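A.B. asks: Sharing a structure below in structure tokens format, with a few things to ask.
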Amino acid sequence: MRLTWKDGVATALVAGVVALYIAFLSGAGLPLVSSARAMGLAVLVPGLTACVVGGTTPPTARDPWTDLFRFFGMIAFLTAVLVMILGSEMLLAVLVGITVALWLGTSLRHAVAAQPVPDEAPQRELIRG
């Protein structure tokens, strides 16, 4: 496979999350993300969007990488919910880290995965009764 425009959109979203988190840590006083709870939502929404836009695997695909990314995606979602409930800055850091790790892992997978080879011609079997 190769990287596509979808990977570019996912990269821009995750870069925005990282920039927003850095601004939060530096105390920039951004009005909509002045608390860890609001930042949790500000990380969750672009993170989910990056996952939907950048994802190329059909929901029925079963391979170890897809299962691993799904597992960490669930962990990220649960962490985001906990950040919004508890307001923990430590969990917020974990959420941003998981989001970046998911983006990096899927981008690398898209960049180095082999291109699927289409079938030459579909094989048909005759049903004899």
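The values are calculated or read from the model by the stated rules, or taken from the named source; none is laboratory data. Because the structure is predicted, anything quoted here is derived from the model rather than measured. Every residue, glycine among them, receives a Cβ derived from its backbone with ideal geometry; neighbour counts consider all protein chains shown.
A.B. asks: Could you pull out the residue among Val43, Val33, Val18 that is in contact with a Ser or Thr (Cβ under 8 Å, 6 or more places away or on another chain) and surrounded by 13 or more Cβ atoms within 10 Å (Cβ to Cβ)?
C.D. replies: Selected residue: Val43, the only one of Val43, Val33, Val18 that is in contact with a Ser or Thr (Cβ under 8 Å, 6 or more places away or on another chain) and surrounded by 13 or more Cβ atoms within 10 Å (Cβ to Cβ).
A.B. asks: Take the conditions more than 21 Å from Leu86 (Cα to Cα), among the small types (Gly, Ala, Ser) and in contact with a helix residue (DSSP H, G or I) (Cβ under 8 Å, 6 or more places away or on another chain) and apply them to Gly16. Does it pass?
C.D. replies: yes
A.B. asks: Kindly provide the set of residues from segment 1-15 that are in contact (Cβ under 8 Å) with a residue 12 or more places away in the chain and within 13 Å of the chain's Cα centre (by Cα), ordered by number.
C.D. replies: Within segment 1-15, Lys6, Asp7, Val9, Ala10, Thr11, Leu13, Val14 meet the criteria.
A.B. asks: From the list Ala61, Ala114, Ala101, which residue is modelled with pLDDT under 80, surrounded by 10 or more Cβ atoms within 10 Å (Cβ to Cβ) and under 20 Å from Lys6 (Cβ atoms)?
C.D. replies: Ala61
A.B. asks: Within segment 77-88, is there a residue that is outside any helix (DSSP H, G or I), under 13 Å from the mean Cα position of the chain (by Cα) and either at pLDDT 85 or above or not aromatic (Phe, Trp, Tyr) (or both)?
C.D. replies: No.
A.B. asks: I've got another one for you. Only residues in segment 29-46 that are without any contact (Cβ under 8 Å) to a residue 40 or more places away in the chain and within 17 Å of Gly73 (Cβ to Cβ) count as the first member; pair them with residues that are assigned to a helix (DSSP H, G or I) and among the aromatic types (Phe, Trp, Tyr), Cβ under 7 angstrom, at least 6 apart or cross-chain, and list the lot.
C.D. replies: none
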